[in-house]
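Participant: Can you read through this structure? Questions will come right after.
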Amino acid sequence: MNAGGQSVESRTILMVDDDDAFRIAMKQALSAGGKYRVRSADSGEAAIDALQHDRFDVILLDYRMPGISGLNVLQWMHEQKLDTPVVMMTAAGSESIAVEAMKLGAYDYVRKEQVEVDHIGILIDGVYERYLFRKEKDRREAIEREREKSLIAIETFHSTLASIAQIVNNSLSMVSLNIQEHESKVRPFVTDEGQQRLGQVFADLRQEYSVIASAVKSMLDMANVLHGNFTDANYAQRLHDMLNGNLRNAQERKMQFTFPKKP
């Protein structure tokens, strides 16, 4: 519980280091406040096994371990498409290792001799907030991609249906003219007794024509409405504002947890 009486959601940390004393000390320090639930692994093999069975919010990963190194674990995560944020722990003079780790997807790195218990939590929180920001950005881009694909499909459907409707309407206009022409041509040759029947036949034809014309218009109107929902400026702006608002919130949270590296 925090000072306001609200529950603070704990974050699950995987601490990977073959140095028993360092690993145990870090686990105890991070677990003390109750904000982090820490699981430890003493090798790269143990880390991979843990990642295969459980999910973690942040991984603290030592790069130098016998057998499977921290970089090997990162490479495995990259191949498995695991996007759990990683903080690589390096030794002095290992800047090239840190660069390689960042290329493989690590979010940050820290030199082990510069780790301070009071600050490591800030680093973890900052990395996690950056991870959330990236996830929100990816979600926004995915929504935009889907919207663009939907818009292309809707516009294709709309233009195709409009073309078909135009062709059908032209044909229906010709049918209407033909009905009138044939009725006027046939009527003089029909007996008085058949005039009523002839009138009913052509009335039925005109009725069928009206039904088809009405159906075509309804389909085109529906396509216009559907197309308008995707292309209406207000609709697009509302979606854009919502997504940007989420990104701004994530960015503000990211800035709150920015941790300046030591020189």
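Participant: Compute the signed sum of charges (Lys and Arg +1, Asp and Glu -1) over the other residues within less than 9 Å, Cβ to Cβ, of Asp18. Mind showing how you got there, number by number?
Facilitator: Working: positive: Arg23, Arg64; negative: Asp17, Asp19, Asp20, Asp42, Asp62.
Around Asp18, the surrounding residues sum to -3.
Participant: Another question, then. Please give the length that would be gained between Leu198 and Asp118 if that part of the chain were fully extended, namely 0.36 nm times their separation in residues minus their C-alpha to C-alpha distance (nm, one decimal).
Facilitator: 19.0 nm
Participant: Something else: Count charges around Asp42 for me, please; just the other residues with Cβ under 14 Å from its Cβ, Lys/Arg as +1, Asp/Glu as -1.
Facilitator: Working: positive: Arg23, Lys27, Arg39, Arg64; negative: Asp17, Asp18, Asp19, Asp20, Glu45, Asp49, Asp62.
So the surrounding residues net to -3.
Participant: With a Förster radius of 25 Å, plug the Cβ-Cβ distance of Ser214 and Ile143 into 1/(1 + (r/R0)^6) and report the FRET value to the nearest 0.05.
Facilitator: After rounding, the FRET efficiency stands at 0.10.
Participant: Along the Cα-to-C-beta direction of Arg111, a point sits 7 Å from the Cα; which residues of the range 30-62 have their amide N less than 19 Å from that point?
Facilitator: Within reach of a label on Arg111: 61-62.
Participant: Right, something else. Which FRET efficiency value, to the nearest 0.05, do you get for Ser150 and Asn170 by plugging their Cβ-Cβ distance into 1/(1 + (r/R0)^6) with R0 = 41 Å?
Facilitator: Efficiency at R0 = 41 Å is approximately 0.85.
Every number here is computed from the coordinates shown, using simple stated rules; none is lab data. Model, not experiment: these values are computed from the prediction. Cβ atoms come from the backbone with ideal geometry, glycine included; neighbour counts cover every protein chain shown.
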